[in-house]
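Each remark here refers to the structure printed beneath this line.
Quick note: the coordinates plus some simple rules give every number you see, no bench work behind them. Predicted model only: the values in this text are computed from it and were never measured. Here Cβ is always computed from backbone atoms with ideal geometry, including for glycine, and neighbour counts include all displayed protein chains.
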Amino acid sequence: MIDPYEHSNSFITANGIQFHYALDGDASKPSLALVNMASANLTNWEHSLPFLLTHFQILRFDIRGTGKSGWGGDDEFTFSQYADDLVAIMDALQIPKAFVLGVAYGARTVAQFGIRHPDRLTALALFDVALTPPVEQTGQRELGQQARQLLTEAGEPEYPTRKSWRFYENRDAALSAHTAHEKEPDTSNSLSHLRVPVLVACGRQDLNLQEAQRIAKAIPGSEFKIMEMTGHGSPLFRPAYFAQFVTEFYQRNVNE
């Protein structure tokens with residue numbers, strides 16, 4: 001069980017900003033850095049974490065302006081800055097390389113990490129990803145309801161969501177952090193140089209499915225995976241399934 005939001009109080013200074021973070025698990029295991037989906041803080045990995053900790057040491061953090069993390073100037077709310085922040089956090093924690101994984105909005109940061117810091121990667125994963133400027137998201141709720149109905153009919157366990165996963169300390173900063181996509185261009189063609197294993201995955205019941213397939217085709221040698229009975233925000237629907245194929249992907253493709 002991870003610390004709930006009100007009790008999660010580990011901080012580290014990187015790039016002159018105080019970041020709310022958590023580092024869990026055995027340091028002898030491979031490092032996995034998780035980047036939150038939009039409007040979420042680091043506690044939203046609650047259901048996935050127990051499954052992932054069997055195989056990884058896990059770094060989570062709130063991007064600048066979200067959750068309990070600080071922030072700087074208005075011009076620093078960019079995905080490239082969020083990627084540079086993650087590198088700085090890794091430096092401060094003496095993590096030389098990591099498997100970096102982001103979901104939805106967080107996948108945009110992970111894409112920038114791959115572009116700017118490929119030497120710090122053991123592998124990269126983009127879940128429920130879109131990299132164009134604003135993509136149509138109307139209808140995601142209904143598709144998510146369809147996915148949950150399918151899970152119920154299949155006898156799959158239900159994992160409750162918590163309001164605290166979306167808590168933050170400053171409304172204006174959180175809004176600035178989560179509107180970076182409105183002013184940044186498509187970066188998918190800049191990922192073709194990657195030489196580490198890349199996983200692109202998306203829920204079957206996700207409006208981003210076609211866009212995720214396009215991105216996978218733009219990255220030579222990447223592996224594409226459709227998560228059945230899963231909507232936008234894959235780990236929230238099927239955390240054990242999510243953790244299983246993240247782990248299996250890493251074990252198949254990375255030799256450390």
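Data for the structure
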item	result
Residues satisfying the stated conditions in segment 226-246, i.e. hydroxyl-bearing (Ser, Thr, Tyr), part of a helix (DSSP H, G or I) and in contact with a Phe, Trp or Tyr (Cβ under 8 Å, 6 or more places away or on another chain)	Ser234
Test: residue in segment 144-163 that is of a type in the set (S, T, N, Q), closer than 25 Å to Val200 by Cβ, in a helix (DSSP H, G or I) and within 19 Å of the chain's Cα centre (by Cα)	no
Tally, over segment 145-178, of residues that are under 19 Å from Ala240 (Cβ atoms), in contact with a strand residue (DSSP E or B) (Cβ under 6 Å, 6 or more places away or on another chain) and surrounded by fewer than 17 Cβ atoms within 10 Å (Cβ to Cβ)	0
Filtered residue count, segment 2-49, keeping only those that are surrounded by fewer than 17 Cβ atoms within 10 Å (Cβ to Cβ) and in contact with a Pro (Cβ under 8 Å, 6 or more places away or on another chain)	0
Residue list for segment 232-256, restricted to those being free of Cβ contacts under 8 Å to residues at least 60 places away in the same chain, of a type outside the set (S, T, N, Q) and farther than 16 Å from Gly144 by Cβ	Phe245, Glu248, Arg252
Selection within segment 91-120 - closer than 25 Å to Glu182 by Cα, of a type in the set (A, V, I, L, M, F, W, C) and surrounded by fewer than 24 Cβ atoms within 10 Å (Cβ to Cβ)	Ile115
Close pairs (6 angstrom Cβ cut-off, 6 or more residues apart or separate chains): farther than 29 Å from Gln251 by Cβ and touching a residue at least 12 places away in the same chain (Cβ under 8 Å) in segment 74-100, in a helix (DSSP H, G or I) and aliphatic (A, V, I, L, M) anywhere	Phe77/Ala177; Phe77/Ala180; Thr78/Ala180
Residues located in segment 1-57, provided they are of a type in the set (Val, Ile, Thr), part of a strand (DSSP E or B) and more than 18 Å from the chain's Cα centre (by Cα)	Ile12, Thr13, Ile17
Qualifying residue in segment 61-81 (condition: part of a strand (DSSP E or B) and closer than 20 Å to Tyr5 by Cα)	yes
Members of segment 239-256 found to be crowded, with 21+ Cβ neighbours inside 10 Å and under 15 Å from the mean Cα position of the chain (by Cα), listed by number	Phe242, Ala243, Val246
Residue match in segment 121-139 (condition: more than 15 Å from Val200 (Cα to Cα), in contact with a Ser or Thr (Cβ under 6 Å, 6 or more places away or on another chain) and either surrounded by fewer than 19 Cβ atoms within 10 Å (Cβ to Cβ) or of a type in the set (A, V, I, L, M, F, W, C) (or both))	no
